Amino acid sequence: MKTWTIFKRELSSYFTQPTAYAVIIIFGLLSTVLAFAFGHFWQRDDASLGAFWQFLPLLLMILVPAVSMKQWSDENSSNTIELLGTMPLKMNSAVMGKFLAAALVWLVTLSLTFPMVWAVNHLGEPDNWIIASGYIGTFLVCLTFIAITTFVSAFTRDEVVALIVSVAVCCLLSLVGFPEFINLARQADATEAADIMTKIGIYDHFFQATTGKINVTSLLYFCGLITVCLVGTNLVLKSKRS
Amino acid sequence: MIEVTDLTKTFGPKVAVDNLSFSVKKGEVLGFLGPNGAGKSTTMRMVTGFLPVTSGKIKICDIPMNWRPNAAKKKIGYLPESAPLYNDMTVQGFLKFCASLRGLGGPKRRHAVDEAIETCFLENVARQSIGTLSKGYRHRTCLAQALLHDPEVLVLDEPTDGLDPNQKLEVRKLIKNLGKDKAILFSTHILEEVTASCSRAVIVDQGKIVADGTPAELEAQGGGSLYDLFHKVTTFETPADKSEEPAA
Ligand SMILES: Nc1ncnc2c1ncn2[C@@H]1O[C@H](COP(=O)(O)OP(=O)(O)O)[C@@H](O)[C@H]1O
Ligand SMILES: [Mg+2]
């Protein structure tokens, strides 16, 4: 109930300010440009969204924190946290409400990339289950990055700090599993390190999803990260007051 | 209605509130008087359940704050010091949001919002975005938020801060009126307000109560002037490291 109230407020704040529209347009543009310019969408000659997925984590690791950097840092700096903290309301309802509102913004943003799906279906006969799996994977990456930003923004009253730190964390999480880095580790004979990097990095889990191979491990990975971040947010908000 | 016993709050080595005890009954308006940095806001943040206490007990309408915080918070309307608001909302939207968080819905909520708007003279700006309001209106919007659920206990942190003289007068009258059937705790460093709207006042200095009584009694203690008493019992020199704003 209270979660719903917070959710509605957050959502309307995303849509009464230019935030949501900006991210929808910018994400749409950049993801398309990346797919065509660097992903070689035309030259690939296969009916799939492989080119589209390839660079998405890199785009999301910047855009997701940018959309949510204010989530708690604003409450901290304008002191509205004091209003929320004295209402008959559990802090985790507020954390959840804000998280879900950001999640919906990204759900809308992702679903507005449907022309891509339409295009590959027009050009060939892609496996739409794989495409769906890719979208689910992308959405899970979004949720994870939102949760990280939520957590980071609870620490500070400065939204720029929140942005920089969350981008850094998301960046690390994306890059650590990138094939180039894994190969470097393998060349250095650090096979174990390479395996660990593959597991903790977001790239492999995401890549599995985009090829239609979403598995339980990946689901647990994403859900685990999200839960840790949201529970952490709750703890930080409580402990900051003492 | 408000019962505070042996309340203490420390921030690291700093003692902000030192073994404070007081109570406010129904129909009473308790003025919380003291210089800047005396610990007024910190006390109020604990009374309203925002800050956890270091030690001591707080009971709101016989409900212990540490045991049943949400039940206790339901009884309280709170105006925080800086009148925090969401700048992207309209006055009406904000009040609706707060009413929903207070558990009001449907026609009850509409009624509560309309009434709060009327009580705080916000009709002219009800549909205006909060970010564009002047300071007096911002303060009254936050005050309206505290009145929505017709709480039995009101905690107001410097309710007349930043208002013009006319508005100050209105708010003092409002507090006096509301005080007839509520328990009100409000803080101020303006001495006239004590005589204007309090039924009782305490003077706080460095986290301790240094004087307590009805406005008339306090004046008598100060030899006929509240100013003299205030001068006598409070520390005049505030060390430079005492910042008004709590650290991030
Ligand atoms: N979060 C905090 N961390 C450290 N010190 C604080 C914090 N909040 C308040 N203080 C200190 O506690 C003292 C009392 O502050 P406050 O309650 O705001 O005073 P008042 O409201 O009476 O002006 C001040 O010296 C202030 O610096
Ligand atoms: Mg204060």
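Using 1/(1 + (r/R0)^6) with R0 = 35 angstrom and r between the beta carbons of B:V15 and A:F114, what's the FRET efficiency to the nearest 0.05?
Working: r = 61 Å, r/R0 = 1.75.
Efficiency at R0 = 35 Å is approximately 0.05.
Could you pull out the chymotrypsin sites (Phe, Trp or Tyr not before Pro) across segment B:59-120 that fall in loop regions by DSSP (anything but H, G, I, E, B) with no more than 14 other Cβ atoms inside 10 Å?
Those satisfying the criteria are B:W67.
Provide, as a two-decimal number, the C-alpha radius of gyration of segment A:60-197 over 2.2 N^0.38 Å, N being how many residues it has. All intermediate terms of the calculation are to be shown ahead of the outcome.
On the way: Rg = 18.9 Å, N = 138, 2.2 N^0.38 = 14.3 Å.
With N residues counted in segment A:60-197, Rg over 2.2 N^0.38 Å equals 1.32.
What residues of segment A:66-88 lose no less than 30 Å² of accessible area with every protein chain in place versus their chain by itself (probe 1.4 Å, heavy atoms only)?
In segment A:66-88, residues shielded by partner chains: A:N79, A:T80, A:E82, A:L83, A:G85, A:T86, A:M87, A:P88.
Projected onto the charge dipole of segment A:112-192 (+1 at Lys/Arg Cβ, -1 at Asp/Glu Cβ, origin at the Cα centre), which of A:A132, A:T191, A:F181 gives the Cα projection farthest towards the positive end?
Positive-end residue among those listed: A:A132.
Tell me the carbon and sulfur percent of the accessible area for chain B, rounded to whole percent, probe radius 1.4 Å.
Carbon plus sulfur share of accessible area: 51 percent.
Taking 22 Å as R0, compute the FRET efficiency from the Cβ-Cβ separation of A:M1 and A:K240 and round it to 0.05.
Numbers: r = 25 Å, r/R0 = 1.16.
Efficiency computed from Cβ-Cβ geometry: 0.30.
For A:Q187 and A:F36, what does the FRET efficiency come to when R0 = 45 Å and r is the distance between their Cβ atoms, rounded to the nearest 0.05?
The formula returns an efficiency of 0.90 here.
If you take the alpha carbon radius of gyration of segment B:115-199 and divide it by 2.2 N^0.38 Å, what ratio comes out, to two decimals? Could the numbers behind the result be given before it?
Details: Rg = 12.6 Å, N = 85, 2.2 N^0.38 = 11.9 Å.
Dividing the Cα Rg of segment B:115-199 by 2.2 N^0.38 Å gives 1.06.
Which angle between 0 and 90 degrees, to the nearest 10, do you get for helix B:135-147 versus the longest principal axis of chain B when only C-alpha atoms count?
90 degrees
Kindly report the accessible area of the protein assembly as shown per residue (heavy atoms of protein chains, probe 1.4 Å, no ligands, DNA or RNA), in Å².
Here the per-residue accessible area is 46 Å².
Relative to the Cα centre, what is the charge dipole magnitude of segment B:82-150, using +1 at the beta carbon of each Lys and Arg, -1 at the beta carbon of each Asp and Glu, and rounding to the nearest 20 debye?
Numbers: 9 positive and 6 negative charges, 28 e Å.
The calculation lands at about 140 debye.
Evaluate segment B:82-150: find the radius of gyration of its Cα atoms, find its Kirkwood radius, and give the ratio Rg to Rh.
On the Cα set of segment B:82-150, Rg over Rh gives 0.92.
On a 0 to 90 degree scale, rounded to 10, what angle separates helix B:165-178 from the longest Cα axis of chain B?
Compared with the principal axis, the helix lies near 90 degrees.
If you take all C-alpha pairs in segment A:4-102, what percent of them are over 18 Å apart?
That fraction is 58 percent.
For segment B:151-226, what value does the Rg/Rh ratio take when both radii are computed over Cα atoms and Rh is the Kirkwood radius, given to two decimals?
0.96
Between the alpha-carbon centers of segment B:83-116 and segment A:165-189, tell me the distance in whole angstrom.
A separation of 47 Å, based on Cα centres.
Run the simple label-point estimate for A:A22 and B:D164 please: 7 Å along Cα→C-beta, distance reported in nm.
3.5 nm
Need one number: buried accessible surface between chains A and B, 1.4 Å probe, both sides summed, DNA, RNA and ligands left out, in Å² to 100.
That pair hides around 2500 Å² of surface in total.
With all pairs of different alpha carbon atoms counted, what Kirkwood hydrodynamic radius in Å does chain B show?
Kirkwood hydrodynamic radius for chain B: 18.5 Å.
For segment B:139-238, run through the GluC sites (Glu not before Pro) and keep only the ones in DSSP coil with at most 10 other Cβ atoms within 10 Å of their Cβ. Numbers along the way, then the final one.
Numbers: sites: B:E152, B:E170, B:E192, B:E193, B:E217, B:E219, B:E237; in loops: B:E152, B:E237.
Within segment B:139-238, the qualifying GluC sites (Glu not before Pro) (loop, at most 10 other Cβ atoms within 10 Å) are B:E237.
What Kirkwood Rh does chain A have if only Cα atoms enter the pairwise 1/r average? Answer in Å.
18.8 Å
Per residue of B:102-109, what is the mean number of Cβ atoms on other protein chains within 10 angstrom of that residue's Cβ?
Working: counts 5, 6, 0, 2, 0, 0, 0, 0.
Per residue, the number of nearby Cβ atoms from other chains is 2 on average.
For the protein assembly as shown, just the Cα set please: Rg and Dmax, both in angstrom.
Cα only, the protein assembly as shown: 27.5, 95 Å (Rg, Dmax).
Given the DSSP H assignment, sum -39500 (n - 2.57) over each helix run of at least 4 residues in chain B and divide by its residue total; what's the result at 222 nm in deg cm²/dmol, nearest 500?
Calculated mean residue ellipticity at 222 nm is -10500 deg cm²/dmol.
Please sort through the DSSP H helices of chain A and keep those with an alpha-carbon extent of at least 20 Å along the long axis and a Kyte-Doolittle average not below -0.5.
Long hydrophobic helices here: A:19-33, A:91-111, A:128-155, A:159-175, A:216-239.
Roughly how many nanometres apart are two label points built 7 Å out from the Cα toward the Cβ at B:R110 and B:K26?
Once both label points are built, they end up 3.2 nm from each other.
Considering every pair of different Cα atoms, what Kirkwood radius, in Å, is found for segment B:10-96?
Result for segment B:10-96, one decimal place: 14.9 Å.
The values are calculated or read from the model by the stated rules, or taken from the named source; none is laboratory data. All values reported here derive from a predicted model rather than from experimental measurement. Don't worry about glycine lacking a Cβ; one is built from the backbone with ideal geometry, like all the others, and counts go over all protein chains shown. The protein model used for the area step is the full one, side chains on, heavy atoms only, and it has no ligands, DNA or RNA in it. Shrake-Rupley method; radii C 1.70, N 1.55, O 1.52, S 1.80 Å.
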